[in-house]
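See structure below.
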Amino acid sequence: MAEIAAGSAGLIAEYAADGLTIHNPSMYDNLNDQRQILTREAIFVWRRFLLRNPGDHRCPNAHFAMGLLQETLGESVAALGEYKLMASQYAFNPLTPHALLYSSRIKTGLQDYTGARADLTELIVQYPECKLIDQASLDLAHATARIGRYDEALTMFRKVYNLDLNKESRRDAAYGAADCYDRLGQPDETKKWYIQAIRLTPDMSDHRIYTAYLNLGKALIVLKDYDQAAVALHQAFQGPLTTEEFVETVLQLTEAQTRQERFVPALNLLEKIPDEKLTPDQSCRVLMARTGILREINLSDTALSLLHRKLEFVNDPQLHGRLTVEIAKCNIEVGELARAQKYLSDALVSLSPGPYARQASLMLIDITQRLGQYDQAKLLCLQFLNQTAEDLPEYKRGLALLGEIYSKLKEHDKAAMAFVGIFDKLNPSGAGS
């Protein structure tokens with residue numbers, strides 16, 4: 001009776017644990033609270049409609065509307081239930097493809113990319129003539145890329161791009177393809193697709209274009225086109241970058257300038273980064289970039305001083321190990337090989353398996369043989385090769401070092417075999433056969 005009386009007066013009655021609350025929808029202090037009240041009331045109205053009219057032809061519309069309203073309230077699980085009910089009970093309703101699309105987007109937000117792919121695949125297979133097919137194909141490609149299936153996602157992105165259904169879909173497909181090629185380590189294709197994406201982005205307020213310039217610059221550095229990389233990275237600075245993107249752009253531009261032997265501008269650029277806003281990882285990366293430049297201009301002593309001052313305040317084992325490798329590099333530059341050997345041995349204790357650890361291992365093997373400790377260098381090298389995948393670039397460098405070590409040991413047959421990639425992996429203390 002209270003609810004009916006309130007409704008008759010144009011008011012909304014809500015029951016809660018603390019009793020009955022009456023709201024006047026024409027008066028409110030907080031817009032967000034008002035929207036939530038009206039949204040909840042709309043859901044109640046649709047529920048009443050479904051209870052009173054279970055066979056009505058408008059029931060699919062009610063379920064779809066309730067899904068949209070529950071999304072507005074942030075009730076993702078309830079919204080998913082409504083959308084899945086649409087797909088299972090009203091397969092021929094024109095709103096069902098929309099329900100599948102919205103369901104996939106909720107799952108993507110929940111990082112359930114496999115579930116999102118299932119919904120989008122169902123949409124594409126069951127409703128091939130639907131106008132949503134281009135957006136569904138794009139979303140499916142993105143969901144596929146997010147679970148690491150980049151080759152498969154590439155096929156989908158390129159299909160949408162070549163269909164040329166509309167400019168927005170084509171642009172999104174170009175960005176998606178560029179990102180996949182970047183993750184697959186194909187800089188030539190990465191460059192090509194980021195250029196396409198940039199050309200298709202006339203609106204400079206689109207944040208993606210500045211990220212595209214950053215990633216294009218990184219690809220051009222890999223391709224050793226440092227002049228064009230610097231141009232692309234300068235373009236990235238024109239946008240509203242996050243701190244992480246700003247630091248990454250500075251580091252990449254510094255890399256390009258260093259390769260161009262423009263050392264002073266590179267150092268000046270690094271000085272502009274506010275250290276107090278950086279994470280420990282970013283701070284260490286900036287420091288390593290600075291000390292790398294100092295080594296290039298024969299200021300390794302200065303670099304050593306900076307690294308030692310920083311090292312005593314670093315607690316993270318990985319960052320500590322990476323800085324220790326940098327100290328070893330400086331010691332190599334000043335001719336302190338024995339000291340560099342010790343630092344590298346210490347760094348390998350801290351570093352987890354990965355590129356930094358592989359780099360440190362190769363440096364340690366090289367220094368050990370340069371110190372004339374050939375037997376020890378041979379054991380280290382064989383151990384490294386036994387633990388390193390053959391498709392990694394460091395593996396080839398390890399084989400070359402093993403060949404050099406065998407040559408120094410006057411074991412020329414074994415050296416020749418090592419140079420062509422043959423050695424006894426089952427016997428790390430012996431020679432190849």
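Here, each number is a calculation from the coordinates, and none is a lab measurement. A quick note: this is a predicted structure, and the numbers were derived from the prediction, not measured. So basically every Cβ, Gly included, is an ideal-geometry build from the backbone, and we count neighbours across all protein chains shown.
Brief remarks on what is shown
- From phi via Karplus (6.51, -1.76, 1.60), per-residue ³J(HN,Hα) for segment 354-369 in Hz, x at Gly/Pro: x, x, 5, 5, 5, 4, 5, 5, 5, 5, 5, 4, 4, 5, 4, 6
- Cut-off 18 Å (backbone N to label point 7 Å along Cα→Cβ of ASP424), residues of segment 366-392: 375-387
- Mean projection area, nm², convex hull over Cα of segment 87-186: 6.1
- Amide N proximity, segment 273-298 versus GLU336 label position 7 Å along Cα-to-Cβ, cut-off under 20 Å: 287-298
- Cα centroid of segment 1-27 to Cα centroid of segment 39-105, whole Å: 25
- Value of D in µm² per second that Stokes-Einstein yields for segment 148-207, Kirkwood Rh from Cα pairs, at 25 °C (0.890 mPa s): 214
- Pairwise FRET efficiency - ALA2 versus ASP33, Cβ, R0 = 30 Å, nearest 0.05: 0.90
- Legend: ranking of residues THR39, THR211, THR155 from fewest to most surrounding C-beta atoms inside 10 Å; resulting order THR155, THR39, THR211.
- Once the Cα atoms are used to define both axes, helix 187-199 deviates from the longest principal axis of the chain by about 40 degrees.
- Kirkwood radius and radius of gyration were both taken over the C-alpha atoms of segment 364-433, and their ratio Rg/Rh is 0.92.
- The calculated FRET efficiency for ASN315 paired with ASP206, based on their beta-carbon distance and R0 = 35 Å, is about 0.30.
- When peptides 400-410, 271-281, 86-96, 220-230 are ranked by their average number of other Cβ atoms within 10 Å per residue, the highest-first order is 400-410, 220-230, 86-96, 271-281.
- Between segment 165-235 and segment 262-309, the alpha-carbon center distance in angstrom: 28
- Selection from SER352, SER103, LEU138 lying farthest towards where the dipole of the chain points positive, charges on Cβ: SER352
- Put in line by how crowded their Cβ is, counting other Cβ atoms within 10 Å and starting with the fewest, CYS130, CYS330, CYS284, CYS381 read CYS130, CYS284, CYS330, CYS381.
- Efficiency of FRET from Cβ geometry, GLN228 and THR302, R₀ 45 Å, rounded to 0.05: 0.90
- Neighbour-count order for GLU244, GLU41, fewest beta carbons within 10 angstrom listed first: GLU244, GLU41
- Taking 7 Å steps out from each Cα toward its Cβ at HIS412 and LYS272 produces label points 5.8 nm apart.
- Across segment 1-157, Cα-Cα pairs more than 21 Å apart make up 55 percent of the total.
- Phi to ³J(HN,Hα) by Karplus 6.51 cos²θ - 1.76 cosθ + 1.60 over segment 75-91, Hz, x for Gly, Pro: 8, 5, 5, 5, 5, 4, x, 5, 5, 5, 5, 4, 5, 8, 10, 10, 4
- On Cα atoms only, tilt of 113-126 relative to the major axis of the chain in degrees: 60
- Under the criterion of Cα pairs below 8 Å and six or more residues apart, the relative contact order for the chain equals 5 percent.
- A Cβ-based charge dipole, computed about the Cα centre of the chain with Lys and Arg at +1 and Asp and Glu at -1, lands at about 720 debye.
- Scanning residues 5 or more positions from PHE423 or on other chains, those with amide H under 5 Å from its amide H are SER433, with H placed 1.01 Å from N in the peptide plane.
- Angle in degrees between helix 208-222 and the longest Cα principal axis of the chain, rounded to the nearest 10: 20
- Structural size metrics of segment 261-412, computed from C-alpha coordinates, are Rg and Dmax of 16.7, 55 Å.
- For segment 364-433, the Cβ-based charge dipole about the Cα centre amounts to some 160 debye (Lys, Arg positive; Asp, Glu negative; other atoms uncharged).
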